[in-house]
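Engineer: Below you'll find the structure I mean.
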Amino acid sequence: MSHAAVITERLSLPRLQLAWLALVLAAVGYCALHALLLDSQFQWQLTAHWAATRWGAWPVVLVLASAVYHGLAQRRRHKLGALVALAVSLLGPSVTWYALGGVSLPEAIYRATPVAAGTLAFLTLAALLMPLRHVSPEATASTLTVWRGTREMSINPQQIEVLKAAANYVEIHARGETYLRRQPLSQLVQQLGAPFVRVHRSWAVNRDHMDGFRNRSRGAYLFARSGLRVPVSRSGAKAWKSAGPIDP
């Protein structure tokens, strides 16, 4: 897996949400410990209001920021998506502070933005340092993490019919749906191995889902059993034929 792919996996939405939960629990625990050491009464309402105005918006903010980024990334606007997601992350808590704190919006932005910036830095650092879940080679081979819209999910590579390069992503056609994965096509084909064959600069196919190879006047094509038509280059035709006949 590439360095960029590792960073993307470490900064996934569930990991950031888990870091947020740890931050809130640590803050509330600090308040309780402070009250215990000073032999004073722990004020739940004050602590809850304090935590809500500073960190209560983050579960929604993180979901919105992730949706904005991945929505624009699908349109190949990665930098714009990152900037808008950053703006949502910094201004979202300010709006919540304004709604819950009884202060003017300019004052909320002035007071909350530094806290939001520090919180975002903490969540990012915590997510990066959080250990990745260990996955055995067998499990890695049997599942593939993909995106459908803003939803992260896993699919079985055996269900994949066709792979198509799309800028920094690969469009994955499987089960009648189209998914995305941020990885070069060449790396993904190498990772999946047989029965996947690169048949074009922008296309690769799963031989188990192909209906046959057809050479026409305007070029060669492969047809998936679902009806998808895949263009085949000259080098791709050689790679396809060298892989042997299709299993019935």
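Throughout, read-outs are computed from the coordinates displayed, never taken from laboratory work. None of the values given here were measured: they were computed from a predicted structure. Quick reminder, even Gly has a Cβ in these numbers, built from the backbone with ideal geometry, and neighbours come from all protein chains shown.
Engineer: Taking other Cβ within 10 Å of each residue's Cβ, how do W240, W147 sort, fewest first?
Structural biologist: Going from sparsest to densest Cβ surroundings: W147, W240.
Engineer: Order these by the 10 Å Cβ neighbour count, fewest first: L91, L129.
Structural biologist: With the fewest neighbours first, L91, L129 line up as L129, L91.
Engineer: Report, in debye and to the nearest 20, how large the dipole of the range 3-129 comes out about its Cα centre when Lys and Arg carry +1 and Asp and Glu carry -1 on their Cβ.
Structural biologist: 600 debye
Engineer: May I pose another question? What value, in deg cm²/dmol to 500, does the helix sum -39500 (n - 2.57) over DSSP H runs of n ≥ 4 give at 222 nm once divided by the residues of the chain?
Structural biologist: -17500 deg cm²/dmol
Engineer: Counting other beta carbons within 10 Å of each residue's own, what order do R216, R111 fall into, fewest first?
Structural biologist: The fewest-first ordering by Cβ neighbours comes to R216, R111.
Engineer: Something else about it: Can you tell me the relative contact order of the chain? Whole percent, Cα pairs under 8 Å, sequence separation 6 or more.
Structural biologist: Computed value for the chain: 12 percent relative contact order.
Engineer: Run a plain Debye calculation on the range 141-242 (Cα atoms as equal point scatterers, no solvent) and give log10 I(q)/I(0) at q = 0.19 Å⁻¹, rounded to two decimals, same order as the q list.
Structural biologist: -0.88
Engineer: Using only the alpha carbon atoms of the chain, find the Kirkwood hydrodynamic radius as the inverse mean reciprocal pair distance, in angstroms to one decimal.
Structural biologist: Averaging 1/r across every pair of different Cα atoms and inverting gives 21.3 Å.
Engineer: Work out the length of the dipole vector of the chain about its Cα centre, built from +1 on the beta-carbon of each Lys and Arg and -1 on the beta-carbon of each Asp and Glu, and round it to the nearest 20 debye.
Structural biologist: The dipole of the chain has a size of about 1460 debye.
Engineer: Taking the chain as a Gaussian network, where each spring joins two C-alpha atoms under 10 Å apart, which residue of L192, L228, L86 fluctuates the most?
Structural biologist: Largest GNM mean-square fluctuation: L228.
Engineer: While we're looking at this one, here's another question. With the cut-off at 1.5 for a/c, could you classify the range 3-129 from its C-alpha gyration tensor as rounded, prolate or oblate?
Structural biologist: Oblate, because a/c is 1.5 or more while a/b does not exceed b/c.
Engineer: Order of 198-204, 47-53 by packing, highest average Cβ count within 10 Å first?
Structural biologist: Packing order, densest peptide first, comes out as 198-204, 47-53.
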